[in-house]
Every structure is written in C-alpha cells, then in structure tokens.
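Beneath this line is the structure, given in structure tokens, with notes to follow.
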Amino acid sequence: MSFLHRQSFFVALLLALVIYIVPLASAAESKCAGESQFSCPNCGGISVSDCMDCDGYLFTDYNYGLCYNRKLFNTNAENGNSDNHYPFLWTDIVGTIVWFLTAGIATACGVGGGGIYVPMGILLLRFPPKPSSGLSQASIFGASLGGILVNIRKRHPDEHIRDTKGTPSKEHPGKMIAYEKGKGPMEIEDDREKYLDGGDGKRKFYTRPVIDYNMALFLAPMEMAGAVLGVIIQRVFPNWLFLCFAAVVLGFTAFKTFKKFFVAYAKDKAAKEERIELTKRESQRVLESQKKKESDANGEGAASDAVDDVEGNANTKEEKEEEDDPKQLEQRRKFLEEDSRQYPFEKISYLILLWIGLTIITFLKGGKGVDSVIGITCQDAGFYVLVAAQFLWTLGFAAVFGYKNVKGVNERVAVNYPFNETDVMWDFKKLQFYSFFTFVAGIVAGLIGIGGGMVLGPLMIVMGVNPRVSTATTATMILLTSSSVAVMFVMSGLVPWQYAVYFFFVCLLGAYIGKTRIDAYVKKTGMGSILVGILATIIALATIGCIIILFLNLAKVDWCVDGFKAFCTVSSEENACPTRLLSLSAEEIFPY
C-alpha cells in the first residue's frame with residue numbers, strides 16, 4: 001500500500017505541475033511577442049526570432065544578433081561571420097573526454113547517458129536545447145551499440161542453474177532459494193559435484209544470456225510508444241517547459257534510486273561478510289576433519305561413523321521422497337535448454353522487425369523537421385493515420401509478447417522450473433505495472449532526448465531484477481529507441497553531421513571500453529550495488545543540469561517565458577527556403 005501512496009504522490013505532483021504551468025505557458029504567448037530578432041543568412045538574409053528556424057545556422061550569438069553555423073574543431077575566429085564563427089577547438093576536445101567517460105559509466109549502469117549529454121551539450125558545447133537533444137540521441141545510439149557488443153556475448157550472473165526442483169522461497173512465491181546460499185566456497189564446490197554425480201546421469205548446469213529478451217520484447221515497444229507521444233508533445237512544448245518536466249521526473253527517480261542503493265549496498269556488504277565468515281567456518285571444519293582422522297587411527301571414530309550412516313540413510317530416504325516426476329523433469333530440461341541459448345535468433349529477429357516497422361512508419365509520416373517521403377504534412381489526414389499506425393504497431397507488439405511472457409511463466413511454474421530469486425514472474429498485474437512506467441519512460445525519452453534508461457533502470461532495480469541483467473536489458477532497449485530518433489534528428493538538419501557522426505563513434509568506443517572494465521570489477525567484488533549508486537548519481541547530476549540550464553536560458557531572455565507552439569505549421573512554397581543540409585558538399589559535411 002505504501003508503494004501505491006508514493007505512486008499517487010508522484011502523479012499528483014505532475015498534475016499540479018501541469019495545472020500551474022499550462023495557464024502560464026498559454027498566457028505567455030502575447031507576453032513575449034516582442035522578442036529579439038536574429039540575422040539569418042538564408043534566402044539572401046532574413047530575420048528570425050529563433051535560430052532554430054534558420055536552416056543550417058542553428059546557433060545563436062546574442063551579442064551580434066545573428067545565427068551562425070557550427071563546425072567541429074573550428075580553429076578560426078571571425079566574430080560576426082555566420083559561416084566562420086568562434087573557435088571551438090578546446091571546447092570540442094574537452095567535450096570528447098567528457099562524452100567518452102560518460103558513455104562508459106552510463107552504459108555499464110544501463111542508461112543511455114542522455115541526462116548528462118543534454119545538459120553538457122548546452123553548458124559545455126553551447127548547443128541550443130533541441131540540437132543538444134539530437135546530439136544526445138546520436139551519442140546514446142553509439143553508446144548503446146558499444147554496450148550491446150559487450151552484452152550480447154555475456155552470460156547471466158547465475159552460471160550454475162540446476163534442473164532439480166530446489167527449495168521454494170517463502171519471500172518470493174514460485175521462485176527457488178539459491179543452492180549457494182549460506183555455504184562457503186568449498187561447500188559450494190562439493191555440492192555441485194554431488195549434483196552432477198546424482199540423478200539419472202544426464203545432469204548438467206544451465207545458464208542464460210545476460211540480456212532478458214523476453215522482458216525486452218514486452219518493454220521495448222511500450223517505451224517506443226511512449227517516445228512517439230513524447231515527440232508529439234515536444235512539437236508544442238517550449239524549451240523551458242520540458243526542462244521543468246525533466247527536472248521533476250529525474251529528481252523523483254534519483255531519490256528513489258538512492259534509497260534503493262543504500263538498501264542494496266547494505267545487502268552486498270552483509271553478503272561479503274557472510275562469505276568471509278563461511279570461509280572461516282570451512283577452515284575450522286578442515287582442521288576438525290584432520291583431528292577426526294587422527295582419532296580414527298586410535299579406534300575412536302566408530303560411533304561417529306554409525307551416526308553418519310544413520311543420517312545418510314535418512315537423507316537417501318528424503319531424496320527418494322522428493323524425487324522428480326520424470327515427465328516434469330523432461331519438460332523442465334527442455335525449457336532450460338531453450339532459455340540457455342546465447343543467441344535466440346527468433347527473439348532478436350522480432351526486435352529487429354519491431355524497429356524496422358516503426359522506422360518505416362516514421363519516415364512515411366515525417367517528423368523532427370524531416371519531410372515525409374510520400375509528401376504528406378500534418379494538414380493531411382494520412383499524417384494522423386500514420387500516427388495511429390505507430391501506436392497500433394508498438395502497443396500491438398507489446399500486447400502479444402506480454403501475453404507470451406505470462407503464458408511462458410505459467411507453463412514453467414507447472415513443471416517446477418527453477419526460477420532465480422531475481423527473475424520477473426510475469427502476471428497480468430505486473431504487465432500493467434511495467435507497461436505504465438515504461439510508457440512514461442518513453443515519453444520522457446522522446447520529450448527531452450534521453451534514452452529512457454534513467455526511468456526504466458531504477459524501475460527494474462526496485463522490482464528486484466539483478467542489476468547486471470537490468471543494465472544489459474535496458475541498454476538493448478535504448479539502442480532500439482535512440483537509433484531511429486537519432487537518424488531523424490540528423491536528417492532534419494537539427495544536428496550538424498560532423499558532430500553527430502564524431503560523437504557517435506566517441507561514445508561507441510567509450511561504452512565498449514568502460515563497460516568491459518566496470519563489469520569485470522563488479523564480477524570480481526560481487527558488489528552489484530555499485531552500479532545502482534553510479535546510476536543514482538548520474539540521474540541526480542542530470543536533474544541539477546536541467547535546473548541550471550532552465551535558469552540560464554530564462555536569464556538570457558530576461559525571464560520571459562514563451563508560450564505553447566502551434567502543433568501544425570507548414571511553410572508555404574513561396575516563402576520556403578531550400579534545405580541547406582541537402583545542398584552541402586561532402587567537403588562541408590566532413591572537412592577533416
């Protein structure tokens with residue numbers, strides 16, 4: 001009930017924010033009517049109130065009142081020249097270092113890093129909010145691709161799953177208590193040897209991929225559906241409003257994640273101390289065993305041997321009573337074999353199909369400044385049909401695989417499948433819970449240019465999913481959402497090609513190296529809570545960044561808040577300027 005109260009509080013907070021801000025934004029439309037004008041070189045020179053309307057010259061110089069073009073590693077400085085404006089060499093070098101480190105740390109924690117890229121793009125690289133959001137998506141795409149190159153080859157943390165029924169967990173109905181619980185290293189090895197030697201001679205250990213493909217197939221389309229709605233909302237939201245929204249959502253998420261971190265850290269620390277204590281007990285047993293052998297030589301071990309025989313007979317009897325049903329055992333092994341495939345091609349194919357379908361519909365519809373490939377605009381009925389098709393495609397996908405997940409869990413429960421204590425036992429209640437928060441995560445991702453992992457990652461951790469599994473699964477989902485959005489941003493001209501491609505590869509390399517190192521450290525120490533702590537810190541920094549950017553942007557315009565924008569605006573052919581991006585030469589796009 002306490003969780004429901006917290007959820008209700010969060011929803012109430014968002015509603016209060018909307019109730020207060022919507023009238024403010026609506027009333028602000030006339031207040032800022034006399035806003036500044038900037039010189040735009042397009043069409044022989046025109047004036048615009050926002051350089052986002054100046055194609056190819058998206059960056060604003062408030063001192064000179066002009067829109068200028070940004071070039072990667074520019075070393076020349078000619079103030080007041082829209083094509084050769086200010087040196088950004090050192091800014092871009094420092095940005096490279098920050099992006100590289102952020103990609104490694106964020107990907108290891110299962111987030112895209114957009115909560116860092118967007119604020120740093122504005123504060124450090126001096127990008128406007130929307131180009132910074134687009135650069136963030138290109139960076140997230142690179143980082144998530146680097147992460148999946150690592151994750152797709154990794155196995156689940158539990159590499160010794162057995163085909164026996166095990167001991168049911170009282171705390172987690174339907175799941176089994178880990179065989180290693182309460183045992184030291186030597187006891188664990190002895191127990192594993194006994195397991196392999198027993199049974200019908202067909203026993204072996206099973207494991208799974210670290211990526212939970214079943215979870216991804218349900219949550220990824222829900223997140224994509226949310227991202228579609230987020231992009232629609234962004235069409236009408238002024239910059240200051242979506243920064244307010246981002247600060248509230250990320251602030252609440254950071255608070256929840258920090259709470260989970262302290263709990264997880266305490267558990268990891270207690271588990272570490274328990275392992276040390278168990279190792280000491282094992283050492284004592286070895287000494288006692290040596291003493292026993294010495295006493296046996298003097299004929300003192302007969303009584304204890306008799307007791308051992310009695311206990312052994314009792315254990316054998318107990319094992320016989322708990323013997324598996326052969327049909328259940330056979331079906332359980334089939335499920336374990338199915339789940340242990342490192343590359344389940346049909347599931348990977350479904351994820352690719354999901355991405356292709358949504359991308360095709362998106363390009364047919366157009367958006368993010370990109371014209372529809374079939375020539376429709378928001379004034380045409382076909383545009384809204386395609387918007388509906390986006391929702392039908394993604395939500396339909398989620399419904400099908402949500403049902404499959406519930407069915408699969410029920411079939412496995414029927415044969416006493418050895419569910420891990422950190423597995424998700426899918427039922428319709430969990431489907432509702434996960435779908436709601438995943439949809440919200442997608443809205444945030446589409447609205448403010450983050451990967452969605454900053455909401456999804458903490459959600460999975462709060463629900464008890466293993467941190468290494470949750471980070472790998474969210475990184476896979478982020479790849480799907482960020483890739484198509486990144487392509488849309490770049491094709492629209494909202495992000496300079498040079499920056500998008502360059503930071504894509506910086507983040508890909510940073511994610512691959514950083515995740516490999518951090519995963520190795522977590523595996524060595526067993527302190528999975530470290531990932532939770534880093535994740536909470538990243539989200540908190542992102543929240544602070546959003547607040548700083550909000551106040552800096554408002555200060556630039558004398559605290560004048562602009563109102564909502566028109567959802568559908570189509571330029572007339574008479575006044576339309578040619579798209580500069582399409583007229584660029586190869587040397588202009590990649591001068592280096």
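The values are calculated or read from the model by the stated rules, or taken from the named source; none is laboratory data. Here the structure is a predicted model, which means the values were calculated and not measured. Neighbour counts are summed over all protein chains in view; Cβ atoms, including those assigned to glycine, are modelled from backbone coordinates with ideal geometry. Just the protein is used for accessible areas: all its heavy atoms, side chains included, with ligands, DNA and RNA removed. Shrake-Rupley method; radii C 1.70, N 1.55, O 1.52, S 1.80 Å.
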Original post:
In this structure, is K407 exposed (fewer than 14 other Cβ atoms within 10 Å of the Cβ), under 20 Å from K347 (Cα atoms), basic (K, R) and out of contact with any Leu (no Cβ under 8 Å at 6 or more places or on another chain)?
Top reply: yes
Every listed condition ((1) open to solvent by 10 Å² or more (accessible area, probe 1.4 Å); (2) at pLDDT below 90; (3) farther than 14 Å from L508 by Cβ) holds for S132 save (1)
Quick check, is E323 part of a helix (DSSP H, G or I), open to solvent by 100 Å² or more (accessible area, probe 1.4 Å), of a type outside the set (S, T, Y) and modelled with pLDDT of 65 or more? no
If we keep only residues of the stretch 452-475 that are surrounded by 24 or more Cβ atoms within 10 Å (Cβ to Cβ) and of a type in the set (S, T, N, Q), then the residue modelled with the highest pLDDT is T473
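If I ask for residues that are outside any helix (DSSP H, G or I), at negative phi and at pLDDT below 90, which ones from the stretch 339-376 would you list?
Result: V370, D371, S372, V373, I374, I376.
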Note: among D558, D562, just one is charged (D, E, K, R), in a loop (DSSP other than H, G, I, E, B), farther than 22 Å from F258 by Cα and open to solvent by less than 60 Å² (accessible area, probe 1.4 Å), namely D562
Within the stretch 165-200, residues of a type in the set (S, T, Y) and in contact with a helix residue (DSSP H, G or I) (Cβ under 7 Å, 6 or more places away or on another chain) come out as Y179
Being open to solvent by less than 20 Å² (accessible area, probe 1.4 Å), closer than 24 Å to A247 by Cβ, modelled with pLDDT under 80 and of a type outside the set (D, E) is the requirement here; does L447 meet it?
yes
Flagged in the stretch 536-581 as at pLDDT below 75 and farther than 23 Å from F38 by Cβ, in numbering order, are F567, C568, E573
Only one of R153, R203 is in contact with a helix residue (DSSP H, G or I) (Cβ under 9 Å, 6 or more places away or on another chain) and outside any helix (DSSP H, G or I), namely R203
Taking the stretch 189-230 and keeping residues among the aliphatic types (A, V, I, L, M) and open to solvent by 40 Å² or more (accessible area, probe 1.4 Å) leaves L196, L229
The condition of being charged (D, E, K, R), assigned to a loop (DSSP other than H, G, I, E, B) and surrounded by 16 or more Cβ atoms within 10 Å (Cβ to Cβ) holds, among K165, K181, only for K165
Within the stretch 492-506, residues open to solvent by 10 Å² or more (accessible area, probe 1.4 Å), aromatic (F, W, Y) and under 16 Å from G114 (Cα atoms) come out as F504, F505
Of (1) surrounded by 15 or more Cβ atoms within 10 Å (Cβ to Cβ); (2) free of Cβ contacts under 8 Å to residues at least 24 places away in the same chain, V118 satisfies every one except (2)
The condition from (1) in a helix (DSSP H, G or I); (2) over 29 Å from N151 (Cα atoms); (3) aromatic (F, W, Y) that F237 misses is numbered (1)
Contact list, first residue from the stretch 381-406 and within 26 Å of V424 (Cα to Cα), second anywhere and part of a helix (DSSP H, G or I) and open to solvent by 70 Å² or more (accessible area, probe 1.4 Å), beta-carbon distance below 7 Å, six or more apart or interchain, is V406/F428
Of those in the stretch 420-432 that are among the charged types (D, E, K, R) and part of a helix (DSSP H, G or I), the residue surrounded by the most Cβ atoms within 10 Å (Cβ to Cβ) is K430
**Prompt:** For I518, are the conditions met, namely being within 25 Å of F258 (Cβ to Cβ), in contact with a Cys (Cβ under 8 Å, 6 or more places away or on another chain) and open to solvent by 30 Å² or more (accessible area, probe 1.4 Å)?
**Reply:** no
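Identify, please: which residue in the stretch 72-112 is modelled with pLDDT of 80 or more and not in a helix (DSSP H, G or I) and is, among those, surrounded by the most Cβ atoms within 10 Å (Cβ to Cβ)?
That would be L72.
Return the only residue of K181, K204 being more than 22 Å from R468 (Cα to Cα), out of contact with any Gly (no Cβ under 6 Å at 6 or more places or on another chain) and basic (K, R). Spell out how you get there, then give the answer.
Numbers: K181 fails: more than 22 Å from R468 (Cα to Cα).
Answer to the selection: K204.
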Expected single match for free of Cβ contacts under 8 Å to residues at least 60 places away in the same chain and buried (at least 18 other Cβ atoms within 10 Å of the Cβ) among S372, S435 is S372
Just one listed residue, out of F245, F252, is at pLDDT below 80, of a type in the set (F, W, Y) and out of contact with any Asp or Glu (no Cβ under 7 Å at 6 or more places or on another chain), and it is F245
